[in-house]
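Report on one structure; see the data block that follows.
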Amino acid sequence: MAVYELWLDESGNFKNDDLMEDSPSLVGGIFIAKGALDEDSVKEILKKEYVHSVEMKGEEYGEYATEVLSNAAKKGAEFVVFENEERIKIIDGDTTYLNIISEGIIQLLQYLTLKDDNVELDILIAVRKVVDSPLDASRFVIKRKEYIYRLREKIMIGMARRSLNRIGNSKWKVNFGSARYDSRLMLADVVCHSWFRKNSRKFSYNHREILSKLYYEQYHFTVFERENTAALNRLLDEGNIGDAIFELYAAEDEKLKVHFLDTIMKEQEIYNLKI
C-alpha cells in the first residue's frame, strides 16, 4: 500500500469569485510520501518560526517563496492546487469551500489509484473561520465533527456521481491543525499564496519561471474535471485501455498526453497487454 500525506491550506475568500475581482479561490498545499518530511525538517525549510504569506510584501516574498518551494521540492514534496477556476459559487462561501476541497480530494485519489489500487492518504487541513456566519465570524471555526461529516458526505456523493469503484479500495482520514502553529500548514500556506498571487508584483519574471517548473499539471485540479481528463480517468478506471489510448491521441492538449502516457503504460502491464 502506498501511503501519502496531504497538508492543505487555502487562499481567497470563496464568496466573491463570480465577481471576477481577484484570482480564483483555492485550496492547496503539500503532497508527499508519508514520513518523508517531519516538522523539524519543514522548519528548516521555512527558516522562520512563523510564516503567513499574506503579511509579506513585494518581491521579498517572491524571493523567499521560490527558495522555500524549491527546497521543499528537493525533499520530495509535490505542490497540489484545488482551484475554483470555473468561479462557481455554491450557496455561500463555506459550502463553496467544502465543494472545492472535496472535489480536489476525489480527483487526487482518482489519479493516485490509477497507479496503485491501494492508497492511504493522511490529510491535514488548516482550521478555518465560518465566513458566512450571521454573527461575528471571527469567533467561530467549523467544528471538527461537522467538518468531517460534511466533507465525507460530499466525497461519497462525488464518488457515486462518477460511478467510481477503485477509489473505494483506498483509505483516507482527516485531521486538523492551526496554520499559526503547525509548520506543515505554514508550508502549505506558501504553496497556496504563491499560486494565488503568481501574477502579482510579488513575483518577478524570473520568480514566475521558477514557479512554472515547480507546479505540475497532474496536481492541479478544478471544481469540474476537464472533459478529456474525466473521460480518460473513467476509461482507465474501467480497465478500457484501448479506448483510453484512442482518446489520448485524439486530444490536442500535449500536457494531457504526457500526463497520462506513463499511467497507461503501467495499466497495460497490470493487464498483461501489449501496446
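Just so you know, all these numbers are worked out from the coordinates, no wet-lab data involved. What you see is a predicted model; the values in this text were computed from it and never measured. All Cβ positions, even for glycine, are placed from backbone atoms using ideal geometry, and neighbour counts span all protein chains on display.
Once the C-beta distance of Glu217 and Val54 is scaled by a Förster radius of 25 Å, the resulting FRET efficiency is 0.45 to the nearest 0.05. What number comes out for the charge environment of Lys43, summing +1 per Lys or Arg and -1 per Asp or Glu over other residues with Cβ under 11 Å away? Within the 11 Å Cβ shell, the charges total -3.
Working from label points 7 Å from Cα in the Cα-to-Cβ sense, the Asp122 to Ile91 distance is 3.2 nm.
Could you check the simple spin-label distance between Ala36 and Tyr205, using points 7 Å along Cα→Cβ, in nm with one decimal? Output for this residue pair reads 3.3 nm.
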